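Take a look at the structure set out below.
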Amino acid sequence: MKALNIIGAGFGVGGFNHASHDAPSAFQHSDALKQLQQEKIICDWIQTIDDRSFFSGPSKALKHEERLNIIHHVNVLLGQLVLQQVQKQQRFCVIGGDHSSAIGTWSGVASALDGDLGLIWIDAHMDAHTFETTHTQNVHGMPVAALLGKGHEKLTQILTRQPKIKPENLCLIGIRSFEREEADFLKNIGVTVYSSKEVEQQGLETLLQRAYQQVTRNTAGFGFSIDLDGFDPEYAPGTGTPVAEGIDANDFCRIVTQWADDPKLLGFEIAEFNPHLDLDKITEKTMANIIRAFQQ
Ligand SMILES: [Mn+2]
């Protein structure tokens, strides 16, 4: 088992409910994380980037351009931190915050790699909008498109100008809430998408194995971007846009343990935690279970 370096992404302005800024601080001080440390699972919390350091006043009053600039800036900082971890061959975990963090996280990994990036994306949503297609203007619905090189340059040109991932090296699992524009875009460029219905019919293990084969075939390394709303709300009530009938988090943790010692696994990200919406610390426990599964 490798030691894990945790980076907090206190991002909120890219999301529906800006209170997800508090995700890293809540998890950092949680009993669930203390429990991991008692079990001798080595987690070093190295830094937290908080988007509130870059504005004053209420976040809802920010203008579109201001919000975009903040999101750009914090993702550059996050990307640089993640890049350093990968260069040191240090496994990382990003704890967020709205899922726009994925733009920084995986731009950092892609920039560090000598070869292509593979990515398994756990989510209820496709996150493949641009400002032209979005129904909400929220950037947390855009990271998949941005990493593929589509969208506003403030989102697609983090660290480098190139797209960060090739469509054939990306696999989405658990999808059950999306707009047609997103589905058409991903289908046209050949991204693999497994719906929650397919998970139910074919089994999570079969699909995760298939995804692993796909994203490690022609890549220099891979990771997981885990949006907590990919799971059934029973396991992750503390998230801004929950959708019923999601992935069984216990199943997920049991299955991914097989990659705990895999040198191809560079790191993972757990996003969309909103501690203000959590019930009985259930979401925090699920987050700790995910870390435990990858670090066993
Ligand atoms: Mn997401």
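The values are calculated or read from the model by the stated rules, or taken from the named source; none is laboratory data. Keep in mind that what you see is a predicted model, and the values were worked out from it rather than measured. Cβ atoms come from the backbone with ideal geometry, glycine included; neighbour counts cover every protein chain shown.
Odds and ends about this structure:
- Among the residues of segment 200-250, those that are in a loop (DSSP other than H, G, I, E, B) and either surrounded by 22 or more Cβ atoms within 10 Å (Cβ to Cβ) or hydroxyl-bearing (Ser, Thr, Tyr) (or both) comprise 219, 235, 236, 238, 239, 240, 241, 246.
- Qualifying residue in segment 5-16 (condition: surrounded by fewer than 19 Cβ atoms within 10 Å (Cβ to Cβ) and either modelled with pLDDT under 95 or within 20 Å of the chain's Cα centre (by Cα) (or both)): yes
- Every pair of residues 6+ apart whose Cβ atoms lie under 9 Å, when the first sits in segment 29-58 and is closer than 21 Å to residue 271 by Cα while the second is aromatic (Phe, Trp, Tyr): 33/27; 33/45; 46/92; 49/11; 50/11; 51/11
- Among the residues of segment 144-162, some residue qualifies, meaning at least one is aliphatic (A, V, I, L, M) and in contact with a Lys or Arg (Cβ under 6 Å, 6 or more places away or on another chain).
- For segment 93-128, taking the residues that are over 17 Å from residue 272 (Cα atoms) and crowded, with 24+ Cβ neighbours inside 10 Å, the one that is nearest to the ligand (Cβ to nearest atom) is identified as 119.
- Single unsatisfied condition, residue 196 versus (1) within 16 Å of the ligand (Cβ to nearest atom); (2) over 14 Å from residue 126 (Cα atoms); (3) among the polar types (S, T, N, Q): (2)
- Residue ID - nearest to the ligand (Cβ to nearest atom), chosen from residues in segment 138-149 that are assigned to a loop (DSSP other than H, G, I, E, B) and over 16 Å from residue 180 (Cα atoms): 138
- Subset tally (residues that are part of a helix (DSSP H, G or I) and away from the ligand (no atom under 16 Å from the Cβ)) for segment 150-173: 6
- Within segment 259-292, the residues that satisfy the criterion of being away from the ligand (no atom under 16 Å from the Cβ), in a helix (DSSP H, G or I) and under 24 Å from residue 110 (Cα atoms) are 259, 291.
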